[in-house]
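Here is the structure we will look at.
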Amino acid sequence: MENNINETQKIIEKILSDKDLYFWSVKTIEENRAENYFIFGQTESKRQINIVKYKISIFILNKLNELQTIGDSSGILPENCTEEQIQNMIDKLIVSARLVNNPFYEIKNEKFHYNKFNNCDSSIYENPYIVCDELSNKISSLAKSINNAKLSTTELFTSRISEHYSNSSSNRYSFDKTKIMLEGVFLAGPDDSSESYFLDQATFLDELDLEQTLKKHAKYANDSINAATLPTGKYKVIFSEEALEEFFNFYLTHASALAVYNKFSLLKLGEPIIFKNPKTPLTIKSDPFIPGGASSRVADDYGIPLKPFSIIENNKMVQYISDLQYSQYLNLPYTGPLTNYVINPGTRSIEEIVKEENIVLLLRFSAFSPKEITGDFSSEIRLGYITKNGKQIPIKGGSVSGNIRNLIDTLELSSNIVKKGSYIGPDAIVLDNVDISGV
Amino acid sequence: MTNLKDYQQEFIDAVKTLETRFPYSSAFAQTVERSSVASSTREDKIIFPDPETGYVLTAFTGSYFIEYSSYSLTFENIKQGVETLMSIPFSKSSETFEIDPGEKLTKDFSQPIIKDPSIIDIKDFLQTARNNREEIDSLSRLIQMSMYRIGYEKRDELFINRNKVLFQSLCRFDSMYYMVLSDGKNSSPIFDGFCKIGGFEHSFFDKSRAKVVVEDGIKVLGAPRLKPGVYDCIFSQEMAGMFAHEAFGHGMETDMFLKKRAKGEQYLGKQVASKLVNMWDNPTLGEEDPEACASFFFDNEGKLASTTHIIKDGILISGMTDLYSASKLKIPRTPNGRRESYSHKPYARMTNTYFEKGNTSFEEMLSKVNYGYYVDYATNGMEDPKGWGIQLESLYAAEIKNGRLTGNIFSPVIVTGYVPDLLMSITAVSDQFKISSMGYCGKGHKEWVKVTDGGPHLLLKARLA
């Protein structure tokens, strides 16, 4: 892939090449970002941000008690750094790396070919500032057409980011990506007493359905006005929207070779992670080449090209997530780091599942972030619905809690696939016997 | 570190030029030096995080701000920033307001450092982290992995507008540990640490405290969850701090008033809490307590540090302002205009936010509980300034029966409820005050700034699950 490295990166490479290092890499990260902020349709602030920085990583071979060890250190330099500052930073990294005696692992001097892959919207890449203004105008115009709710605030960011990577094995690649971030709040009801906060992130302009997003959150703000709190009890719950991205944190953490190496992983290779037969078997893969994936990338930090791989297949732990270091420590196949995680769908759509009487659909939370080490989850409910006599009744307040390890046997996944950051998977995750603490 | 003062005159000139087109302009520049040294059970790590050297030029059009920010702190680039702002089109609004540049002041400030961490050998950092981590590893065979991290952040900031040339040099030292305990059936994390104004003089390791943390970690491992319900609770000082931050911290950031996202605006002057409750935001607290490390001398919009009394004897009396919201709402400025960095927009943000201590001893408080829980090890919280809901999460709830701790532990715990109900239910405030200093705070889900929070133990009624 083409690699348009700048003069500073060349100077950094030259200085690093002249040092006695086991391995080094340097990555230039350039970002141009436009930000527009509005309060009730009026501009609060418009910003242009331009950032260039250089990330340097070095590795040195050391010895401890006659044993070969490896030391590494990394640092970041700013755009306008002088040759003297570069030299000083590299010297500081070398001094630091000489102090570190981690168990040795081999970084092969290997030349790689990289897949042609950019995660980039051409319009944003060409001019993020114009796109930001155009999107802002569109949002403003769409918001005016919504009569039952007011758009209190929006923050819209559009960025283009270019990465240029090189290392001591003469590997080079460039990777371009674009990002759109839209955060907003709708108000509804008497005295604007109810609100719906939303955060949409995308890579490509055509991924954004502004009209649908705005209408949906205007509806949520209205539905929230008279939403009641559920009685305390155990419920069958559909987790959706804000719950999706971090839902499988526990499994992804315990599936990492780092957790195995550090002896706290509770997942065993080849063994089932679910002991009864759930409605949908769980399959999780990592895929670095998903267009629009928030974690899409070409290579790992050592410049090794990435590939998709399976982690859990049909409820069985099939492969630990093993980067170069831990794969060698544990004698496991190298997979590279986790990138986008792709979860296989089930058979029923969310629309079919939600028809079940007394089922609770939870969409919005104060913060839904299951604990990576324990699998516990707890969150205040901001908005959901319970199905009563075929109708969806809005609910809010109280909290939902449980532990995914204890509930995973009841798992059902929906048939529709959505993308939320690095999560590419079903739009509904269903668990039974979930505690809701309400009135 | 780059010397920001080398660029002072360039920024003064930039502000002058910009004010030929705009009614108000300012410049903010920063340079940050950081290091982070971590020793964990099976490997060590030394990194030098992003120095975040850069600047932002701000121009006020009469109704909104335009900003240009860059990582490239050079004379040439500052000129380019000025040219960009001078040529950028902007729309005139009928709704205009004025920006007060404040009183004339040129002053340099600096926080005291006894052992400058930037001149301490990195070897000493690593050895300290290793020694402390080895001490922790020796405390229990159930510790599968522990990590001890120490580091520092030296931050210089320069603010300039037509009346002010302010420079501050801030330094804080971090020391934290984290461990994962596992018995093969369950795994559970626990952590502790601090961040203090100053330098390497704070590298002391409190092993007796670490012993307590490990013992609590063992109790948490595999602990059941409690039966959801409303209980009498004693919040630890750490939980009280998080409660202050989430309850009437975010809700009194006045940019939320402008957006009609905070119910607090309608309750100014009204009772929202028990008469025992006094709550403050105070960026000067660091002068008496080094752990109040979100302290500074002026905020990122040039307002000198001072205290803000948010709740006085249960009555909500003041919000926390940034320049835009204070100017537009025509309310007094408080020193709360803060940015994540030069490359981020300023918002109204908290600093050191806390409940004032009361006069009840912890033992007396405990004796008042027939059945309830002592809640400790706050992990995270979330605000709801519009609905006045709240979510506080913690690792640890210790059962109390007939005024005594039974030794039964439940984990994790979530506290939810309606903020005024929780605050009105406070029936005792302890006489012990502590700041918790490891936290950062986001606005929504981004814009991370260093904050601390704290307070005394609180006796109240809350819904736990």
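Structure summary
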quantity	calculated
Only one of A:Asp223, A:Asp301 that is of a type in the set (D, E, K, R) and within 28 Å of A:Lys55 (Cα to Cα)	A:Asp301
Residue in the range B:174-192 that is in a helix (DSSP H, G or I), within 30 Å of B:Gly286 (Cα to Cα) and in contact (Cβ under 8 Å) with a residue 40 or more places away in the chain present	no
Scan of the range B:56-65 for residues that are more than 7 Å from every other protein chain (Cβ to nearest Cβ) and surrounded by 22 or more Cβ atoms within 10 Å (Cβ to Cβ), ordered by number	B:Val56, B:Leu57, B:Thr58, B:Ala59, B:Phe60
Subset of the range A:58-98 (residues that are touching a helix residue (DSSP H, G or I) at 6+ places or on another chain (Cβ under 7 Å), of a type in the set (S, T, N, Q) and farther than 24 Å from A:Lys108 by Cα)	A:Gln87
Exclusive hit being in contact with a Ser or Thr (Cβ under 8 Å, 6 or more places away or on another chain), assigned to a strand (DSSP E or B), at the interface with chain A (Cβ under 10 Å from one of its Cβ atoms) and under 19 Å from B:Lys219 (Cβ atoms), set B:Glu399, B:Glu393	B:Glu393
Residue satisfying all of: in the range B:99-130; surrounded by 13 or more Cβ atoms within 10 Å (Cβ to Cβ) and among the polar types (S, T, N, Q); nearest to B:Gly337 (Cα to Cα) among these	B:Gln111
Residue that is nearest to B:Ser436 (Cα to Cα) [pool: residues in the range B:291-342 that are of a type in the set (Phe, Trp, Tyr) and not in a helix (DSSP H, G or I)]	B:Phe296
Leading residue by the ranking (farthest from the other protein chains (Cβ to nearest Cβ)) among those in the range A:334-388 that are acidic (Asp, Glu) and more than 19 Å from A:Leu282 (Cβ to Cβ)	A:Glu352
Test result for A:Ile312, touching a residue at least 40 places away in the same chain (Cβ under 8 Å), touching a helix residue (DSSP H, G or I) at 6+ places or on another chain (Cβ under 8 Å) and over 24 Å from A:Ser349 (Cβ atoms)	no
1 or more residues among the aromatic types (Phe, Trp, Tyr) and within 30 Å of B:Tyr178 (Cβ to Cβ): qualifying strands (runs of 3 or more DSSP E) within the range A:336-395	A:340-343, A:360-365, A:376-388
Test: residue in the range A:76-84 that is free of Cβ contacts under 8 Å to residues at least 24 places away in the same chain, surrounded by fewer than 18 Cβ atoms within 10 Å (Cβ to Cβ) and under 15 Å from A:Ile12 (Cβ atoms)	yes
The range A:153-211: number of residues that are in contact (Cβ under 8 Å) with a residue 60 or more places away in the chain, more than 11 Å from chain B (Cβ to nearest Cβ), over 20 Å from the mean Cα position of the chain (by Cα) and not in a loop (DSSP other than H, G, I, E, B)	9
Of residues in the range B:268-306 being farther than 18 Å from B:Phe167 by Cβ and of a type in the set (Gly, Ala, Ser), the one surrounded by the fewest Cβ atoms within 10 Å (Cβ to Cβ)	B:Gly269
Matching residues in the range A:13-44 - criterion: being buried (at least 20 other Cβ atoms within 10 Å of the Cβ) and in contact with a helix residue (DSSP H, G or I) (Cβ under 8 Å, 6 or more places away or on another chain)	A:Leu16, A:Trp24, A:Val26, A:Thr28, A:Arg33, A:Ala34, A:Glu35, A:Asn36, A:Phe38, A:Ile39, A:Glu44
Of all residues making up the range B:417-459, the number that are under 22 Å from A:Ala367 (Cα atoms), hydrophobic (A, V, I, L, M, F, W, C) and part of a strand (DSSP E or B)	3
Candidates B:Gly337, B:Gly358, filtered to the one that is farther than 30 Å from B:Ser72 by Cβ, of a type in the set (Gly, Ala, Ser) and away from chain A (no Cβ under 12 Å)	B:Gly358
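Listed here are the residues, each with its yes/no results for (1) more than 9 Å from chain B (Cβ to nearest Cβ); (2) within 28 Å of A:Phe175 (Cα to Cα); (3) in contact with a Pro (Cβ under 8 Å, 6 or more places away or on another chain).
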residue: A:Asp20; (1), (2), (3): yes, no, no
residue: A:Lys53; (1), (2), (3): no, yes, yes
residue: A:Ile58; (1), (2), (3): yes, yes, no
residue: A:Leu61; (1), (2), (3): yes, no, no
residue: A:Leu67; (1), (2), (3): yes, no, no
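Quick grid of which residues meet (1) over 25 Å from B:Gln168 (Cβ atoms); (2) away from every other protein chain (no Cβ under 11 Å); (3) at pLDDT 95 or above; (4) part of a strand (DSSP E or B):
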| residue | (1), (2), (3), (4) |
| --- | --- |
| B:Ala29 | no, yes, yes, yes |
| B:Ser35 | no, no, no, yes |
| B:Ala38 | yes, no, yes, yes |
| B:Glu52 | no, no, no, no |
| B:Glu67 | no, no, yes, yes |
| B:Glu76 | yes, no, no, no |
| B:Met86 | yes, yes, yes, no |
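The values are calculated or read from the model by the stated rules, or taken from the named source; none is laboratory data. Bear in mind the structure is a predicted one, so any value in this text is a computation, not a measurement. Cβ atoms come from the backbone with ideal geometry, glycine included; neighbour counts cover every protein chain shown.
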